Amino acid sequence: MFSTFEKIKELCKKQGISLNQLEDKLGFSQNYIYSMKKGNPKVENLQKIADYFNVSTDYLLGRTDNPRIATDEPEKFYFEGKEVDVERLAGTAMRFNGKPLSDEDKKAIQNIIEIYLRK
């Protein structure tokens, strides 16, 4: 299992920001996130990080592999540091012969794209 530091580093990479940029955005001191390698983070700071990335604190602590939190807000996906509208992207797909896809086919393609982007 990844340490909290590794999870945060991975989330930063997916969004195309550095750890130092995250520290600046959240008002943390320089190298605060690096200090998480050695000790337990403050609960308040862990919550700030979880809120920023829209993930659960359990995910950051390595208690689950599911980053999702219970919310009505749709999951955000990123590719090369930019947010991607997966539903719109899947909606532009066409069949090989140029005919439009059914709603069921579009949903299947959307699921494939989401699985790819989660990795």
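Got a sec? Which of ASP58, ASP65, ASP72 is among the acidic types (Asp, Glu) and at pLDDT 85 or above?
Numbers: ASP65 fails: at pLDDT 85 or above; ASP72 fails: at pLDDT 85 or above.
Sole residue among the options that is among the acidic types (Asp, Glu) and at pLDDT 85 or above: ASP58.
Given the residues ILE17, ILE8, ILE49, which is the only one that is assigned to a loop (DSSP other than H, G, I, E, B) and surrounded by 13 or more Cβ atoms within 10 Å (Cβ to Cβ)? Don't jump to the end; show me each part of the working.
Values: ILE8 fails: assigned to a loop (DSSP other than H, G, I, E, B); ILE49 fails: assigned to a loop (DSSP other than H, G, I, E, B).
Matching residue, one of ILE17, ILE8, ILE49: ILE17.
List every residue pair whose Cβ atoms lie under 9 Å apart, where the two residues are 6 or more positions apart in sequence or sit on different chains, the first residue falls within the stretch 102-119 and is closer than 17 Å to PRO67 by Cβ, and the second residue, located anywhere, is hydroxyl-bearing (Ser, Thr, Tyr) and outside any helix (DSSP H, G or I).
Close Cβ pairs (under 9 Å, with a partner that is hydroxyl-bearing (Ser, Thr, Tyr) and outside any helix (DSSP H, G or I)) amount to LEU117/TYR78.
So which residues in the stretch 34-55 are within 11 Å of the chain's Cα centre (by Cα) and either at pLDDT below 80 or at positive phi (or both), if there are any at all?
Residue satisfying the conditions is ASN54 alone.
For the stretch 95-119, give me each residue that is surrounded by fewer than 10 Cβ atoms within 10 Å (Cβ to Cβ) and over 22 Å from VAL55 (Cβ atoms).
So the first thing to find is which residues in the stretch 95-119 are surrounded by fewer than 10 Cβ atoms within 10 Å (Cβ to Cβ), and the list is 96-99, 103-104, 115, 119.
Result: PHE96, ASN97, GLY98, LYS99, ASP103, GLU104.
The values are calculated or read from the model by the stated rules, or taken from the named source; none is laboratory data. None of the values given here were measured: they were computed from a predicted structure. Cβ atoms come from the backbone with ideal geometry, glycine included; neighbour counts cover every protein chain shown.
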